[in-house]
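Every number in this text was worked out from the coordinates using simple rules, so none of it is lab data. Predicted, not measured: the structure shown is a model, and the values here were computed from it. Using ideal geometry, Cβ is built from the backbone for each residue, glycine included, and neighbour counts are taken over all protein chains shown.
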Amino acid sequence: MVSQKKSRVLEEEQEPAVERNSLETQAYERIKKAILCKELKPGEKVSHTEWADRLNFSRTPVRDALKRLEFEGFIIRENERQWHVYTLTIDEVYKLYEVIQGVEGYIAFLAAQNFTDDMSAEAQEILQVMEAAKKTRDYSAFNAANNRFHFLIDSAANNPNLVEIGHLTREKMIRIHSRDLHIEGRLERSYEENTAIAQAMIKHDAEEAQRQQRSHLRSSRDYLIMLLDKLIIPYVGPEF
C-alpha cells in the first residue's frame, strides 16, 4: 500500500503543467483573499501543507502560490515549509506611501493630458455622489465613489503597468484603509482633495494634477498614521 506522502508526491509528478498553473492561481487567489478579508491575521503562520489539505490540492501549486504571495510582500518566509502574514507597521506605511506617491502622482500627470470631455462629465457626476454621501455620512457610498474616481484616473493614464504597481502597493494596506474615513474631518477633507484633483484633470493641467494627487496621498498617509497610532505601535492588532 502506497503511503499518503508518497501518493501525494506521485500526484504532483503526474499533474500536467497547465493544470498545476491553474491550481496555483486558484490557491493564490484564495489565500490572498483570506489575508485581505482578515481570515488570516497579521503575523499568523501560513503552512503550505495545511492549505494544500484545506483546498484539496497537491502541495506544489500551493507552495508556488505562497512564493508568489511572498514576492508580492503579503507573506514572509520563515523556512521552506512555513510563512507568516505580513504585519503592517507605521514605518512601513511611510515606505509604502513613498512608492504610492511616486506612482500615482505620475498616473495623475498622464491622466490629465488624456482627460476627455466624457471623462470630465463623469468626474463631475462622481463628485456629486461624493458630496451627497458626505452630507449623509454614507461611508460605503463615499468609498465606492472614490474608487470609481480613481479608476477613471487610472483608465485615462493608459499605462496598465504603472496602475498594477499602484494597486499592488495599496492592497498591502487594504485591511485598514477604509477605516480612515471614519476619523473626524477625513470625509470632508477627502472630498475637497478629490475635487481639486478633478479640477486639474478637467483643465488638463498635468503638473497641478500630479501635485494635488501627491498632496491627497500625503493627507491619506497622515490619517492612516493617526489611526495606527491610536491602536498600537507597531501595528499587530487582529482587528484589521
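Could you give the length gained by full extension between Ser22 and Asp222, i.e. 0.36 nm per residue of separation minus their alpha carbon distance, to one decimal place?
Here the answer is 68.0 nm.
Taking H placed 1.01 Å from N in the peptide plane, check which residues at least 5 places from Ser58 or on another chain put their amide H under 5 Å from its amide H.
Amide H neighbours of Ser58: none.
Just list whichever of Lys134/Lys172; Lys33/Lys67; Lys38/Lys172; Lys134/Lys203; Lys45/Lys172 have alpha carbons separated by over 20 Å in the model shown.
The answer is Lys134/Lys172; Lys134/Lys203.
Each residue of the stretch 117-127 in order: what ³J(HN,Hα) in whole Hz does its phi give by Karplus 6.51 cos²θ - 1.76 cosθ + 1.60, θ = phi - 60°, with x for Gly and Pro?
5, 4, 5, 4, 5, 5, 4, 5, 5, 4, 4
Taking amide hydrogens as modeled 1.01 Å from N in the peptide plane, which residues meet the under 5 Å criterion relative to Lys41, leaving out close sequence neighbours?
HN-HN under 5 Å from Lys41: empty list.
Sort the following peptides by mean Cβ neighbour count (other Cβ atoms within 10 Å, averaged over residues), highest first: 49-56, 99-106.
Top of the packing list down: 99-106, 49-56.
Ordered by packing density, taken as the mean number of other Cβ atoms within 10 Å over each peptide's residues, highest first, how do 203-211, 70-78 rank?
Highest-to-lowest ranking by the protection proxy: 203-211, 70-78.
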